[in-house]
Amino acid sequence: RATACSENRVVIMHNDGSISLVCPDEDGGWSSRLVHPPVNLWGRLLSTGDWLAINVRRESIRLMDVRQPGTMTVLEGSEGGAWQMVLAPPYIVALAPWWAGLRVWDIRTGQVMVRLPWQDIGASFKGKFYSIATNGRQVVVFEDHGLVEVLENQNMYVFELGELCDGGLADSKLWWKYIEHRRVKESIINVNKTGIVIACETKVHVLSFWNS
């Protein structure tokens, strides 16, 4: 059904809802452990340390400690599940059009730390949110207009994760940067330490956070 990787394990979700945890062993090989979550779910997996996040579309985001697979926590404020989510340990960053904004959770507590409505910062999105990426310091949100044949301008917003998680900073005071990108059909983005890499059909665009 789904797979995920972290710094110390590979996670595989099977059709029956069970999950295999594949970890390196002391002999330089790999060992596998099968766990059975309390409910049979299907969704995107993210893994870090001993935590596994499962995004169940149209339902919620679930958090499971693989050391205690018999229990699973529904993240507060994740109603409807996420359209896209990424891990930036110790945080989960996610967005959805039905939230009309971005939300951040602390994996260690399962508590929602940030509820950022786009209207609070004057961000303008015309379509569904297609992509979100992070390098652990910055978070980039990339707008989707749907799969169309013509060139369109897309809104892209860059946020500082540290500021997003600063409870003493008002939404209106957040640093963010707006970048407009022109694309053809479907685009896929990733983020490194200094900028944004966009794969768009046969072309690759590299944008600097600071100069673009």
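Structure above, values below:
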| item | result |
| --- | --- |
| Contour minus Cα-Cα distance for K193 and R67 (0.36 nm per residue) | 42.1 nm |
| Accessible surface of the stretch 1-91 [probe 1.4 Å, protein heavy atoms]: carbon and sulfur percent | 50 |
| Peptides ranked, highest mean first, by Cβ atoms within 10 Å: ranges 190-201, 159-170 | 190-201, 159-170 |
| Residue-span extension gain [E201 to K177] - 0.36 nm each, minus C-alpha spacing | 6.1 nm |
| Probe 1.4 Å, protein heavy atoms only - accessible area per residue of the stretch 1-99 in square angstrom | 49 |
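The values are calculated or read from the model by the stated rules, or taken from the named source; none is laboratory data. All values derive from a computational prediction rather than experimental measurement. Cβ coordinates were reconstructed from backbone atoms using ideal geometry, including for glycine residues, and neighbour counts include every protein chain displayed. Heads up: the accessible areas ignore ligands, DNA and RNA and are worked out on the full protein's heavy atoms, side chains in. Shrake-Rupley method; radii C 1.70, N 1.55, O 1.52, S 1.80 Å.
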